[in-house]
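Beneath this line is the structure, given in structure tokens, with notes to follow.
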Amino acid sequence: MPSKKEQLFIAGLIILYIISVIINLGYFELAGEEPRRAIISLEMLKSGNYFKPTQMGWDYYNKPVLFNWILCSFISLTNSSSEFTLRIPSLIFFLVWAYSHYSISKKFLPKNIALLSSLFMLTSAEIFFYGLANGAEIDIFYSFIVYLQAISIFYFFIKKDWSKLYVISYLCCAIGFLTKGFPSLVFQILTLVSICHYSNSIKVLWRPSHLLGIILFIVVISIYLFFYSQHNSPQRLLINFLNESVIKSGVGEFSNQLFDKAVRYPFLLFKLLAPWSLLLLFLNKRIWKEAIKNPFIRFSFLFIAYNIGVYWLTGQPKARYVYMFIPFAVTGLSFIYGEVIKTNKFVLNKSLKYLGIIFSLVLLAVLVLPFFAAVSPFAVVLLSIFLLVFLYFYFRVSVDKIWLFIVGIILCRLVYAALFIPVQNEKIANYSGDIKKAAGKLHLEPITFWAPPNQHLVAIESKIYFKKFETVALPPVLYAQVPYYYYKYTGQLVYYDTALVKGRNYLSFQSDIGNKAIDSIFSFENRKQPRRLIFYRLGEN
């Protein structure tokens, strides 16, 4: 049991962590897949149909619905669809995930190492600085579900509780399927293979409860598909889910330069785990032998080894696709730290002390920032004092530097949130300002997106196999920031239509309008697509 002093330190650390994330959390515009998740959720709330996702009023086939349900819940609870509200769920799930990881790992590791493992996970720079700042995307929640899916297989295997192993893991698999589709089934299969390797036997698969787990998975998915079938074709939906996975695989349409991407992939993983991946420099044969004796670390290694290939040999090697590997990887890294601190504490602490130069550079950046950008003098002074006090303790107080290093990373995130996010946002803002101007000129009236429809191929497309099922009409690509920010400033959802009605307000690409008689109201250059967007009213002639 940690002492009162240690409990207060951890509580203070978590509070500082939360503050460092929520400051200016809603400052960045929604980007990437965030506005798409937002607008689909808003359309669900408007229509009351929570089983058939739509985008601009037309069927959306690329992702399942569960994460949209979560966003709908937060929008309803807060009566807000702001960037802050949409990103908060990922922070909550990430904290719950870290606590869950600590609860499991402390059963197999010393409690201080288990705690470090969760703190390493929370402060991995990729998620801490980027993933949480884009928290309206699906990946943190989905990775948490995959973690629960995998860890339930391991934990109940150790307990020899076969019913819970299969029921809970397949239930998580079903939740994951309703979040991101077929990758959850791949994780289930490969993780079961890894547990067979762990036990040196395939008998673990031949349990009556395995069939029960499969039935549970089928029942959960079938219940959803039944309700979906009241509105659209489940076959069309499942084919598109499967194709979404295939086109991002090593045989999909994005598989060009696959070898080059595979060679660079270890650097992506090293960056994903930074700064804790630097602990690999201390790995040696003795530590490796000790590590694989630990059941949790051995399973963590096997889970990564069996599952990572699906993402390594892919046409789209993105860090956010592999967040689920972070807790398993940092478990091994925290173990390395625990072994080194036993035998080479002086060298490790000295190395961390030299790394403290990073925090000195952050202080320097804070001090010079006012010369290059308009920032709050109060925030600069306050953060400078915090950093000066921290640097004094970091370089002068004789304690295990790892804990202070964690504090330093959180302070860096605080500085980034308070000072650098506003400055950075001024340079990368894409849509909000222009859409706000357009909304004002339209007097907050409804608007319809018009363009010739796209013909979407419902098919399985890969380099080695192709099968066409049907073709359906869908709206052409319009970056979801446009309808999201129009809704934000007007309360009006943007719908797509293939017909033009005289006297109505429309939004189109300039190249699609041709010689039509329009009364142009506002236009701007679409940053993401090299096509000018025009807000207009269709003339009477």
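Throughout, read-outs are computed from the coordinates displayed, never taken from laboratory work. Keep in mind that what you see is a predicted model, and the values were worked out from it rather than measured. In this analysis, Cβ positions are derived from the backbone assuming ideal geometry, glycine residues included, and neighbour counts consider all displayed protein chains.
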* Taking the chain as the reference, fit the longest principal axis to its C-alpha atoms, fit the long axis of helix 162-180 to the helix C-alpha atoms, and give the angle between the two in degrees, 0 to 90, nearest 10. => 40 degrees
* Asked: Using only helices, what value at 222 nm comes out for the chain when you add -39,500 (n - 2.57) per DSSP H run of length 4 or more and divide by the total residues, to the nearest 500 deg cm²/dmol?
  -> -19500 deg cm²/dmol
* **Contour excess over end-to-end distance, with Cα ends at Phe346 and Asn200 and 0.36 nm allotted per residue** => 48.6 nm
* lysines within cross-link reach of Lys463: Cα-Cα under 29 Å, excluding same-chain residues under 8 positions apart? -> Lys63, Lys180, Lys248, Lys261, Lys318, Lys528
* Structure fact -> In whole angstrom, the spacing between the Cα centers of segment 367-409 and segment 428-507 equals 45 Å
* Which net charge results for the neighbourhood of Asp139, defined as the other residues with beta-carbon distances under 12 angstrom from its beta-carbon, given Lys and Arg at +1 and Asp and Glu at -1? -> +1
* Among (1) 47, 27, 23; (2) 52, 29, 22; (3) 42, 33, 19, the entry derived from the coordinates for semi-axes √(5λ) of the Cα gyration tensor in Å -> (3)
* **FRET efficiency estimate (nearest 0.05) - Cβ-Cβ, Thr78 to Arg396, R0 45 angstrom** => 0.50
* To do: Could you work out the mean projected area of the convex hull around the alpha carbons of segment 346-428, in square nanometres to one decimal?
  => 5.5 nm²
* What's the exposure ranking of Leu273, Leu278, going from fewest to most Cβ atoms within 10 Å? -> Leu278, Leu273
* Would you mind checking which residues have amide H under 5 Å from Trp58's amide H? H placed 1.01 Å from N; only 5 or more apart, or other chain. => Tyr496
* What length, rounded to one decimal in nm, is gained on full extension from Ser103 through to Val186, with 0.36 nm per residue of separation minus their alpha-carbon distance? -> 27.3 nm
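Report the calculated FRET efficiency for Ile10 and Val263 (r = Cβ-Cβ distance, R0 = 51 Å), to the nearest 0.05. Could you put the intermediate results ahead of the total?
Numbers: r = 40 Å, r/R0 = 0.79.
Efficiency computed from Cβ-Cβ geometry: 0.80.
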* Amide H partners (placed H, <5 Å) of Ser523, local residues excluded -> Phe535
* Structure fact -> Two pseudo-spin positions, 7 Å from Cα along C-beta at Lys271 and at Tyr27, lie apart in nanometres by 2.3 nm
* **Phi-based couplings in Hz for segment 82-87 (Karplus 6.51, -1.76, 1.60; Gly and Pro marked x)** => 5, 4, 4, 4, 6, 9
* Virtual spin-label span in nm between Ile18 and Ala365, 7 Å along Cα→Cβ -> 2.6 nm
* Using the Karplus curve 6.51 cos²θ - 1.76 cosθ + 1.60 with θ = phi - 60°, work out ³J(HN,Hα) for each residue of segment 218-230 in order, rounded to whole Hz, and write x for Gly and Pro. => 5, 5, 4, 5, 5, 4, 4, 5, 4, 5, 5, 5, 5
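Report the local net charge at Gly408: Lys and Arg +1, Asp and Glu -1, summed over other residues whose C-beta lies under 12 Å from its C-beta. Provide the component values of the computation, followed by the final result.
On the way: positive: Lys353, Lys401, Arg413; negative: none.
Residues near Gly408 contribute +3 overall.
Give the calculated FRET efficiency between Ser47 and Ser163 to the nearest 0.05, with a Förster radius of 30 Å applied to their Cβ-Cβ distance.
Details: r = 40 Å, r/R0 = 1.32.
The value I calculate is 0.15.
Tell me the net charge near Pro452. Cut-off is 12 Å between Cβ atoms, Pro452 excluded, with +1 for each Lys or Arg and -1 for each Asp or Glu. The partial results should precede the final answer.
Working: positive: none; negative: Asp497, Asp512.
Taking every other residue near Pro452 into account, the sum is -2.
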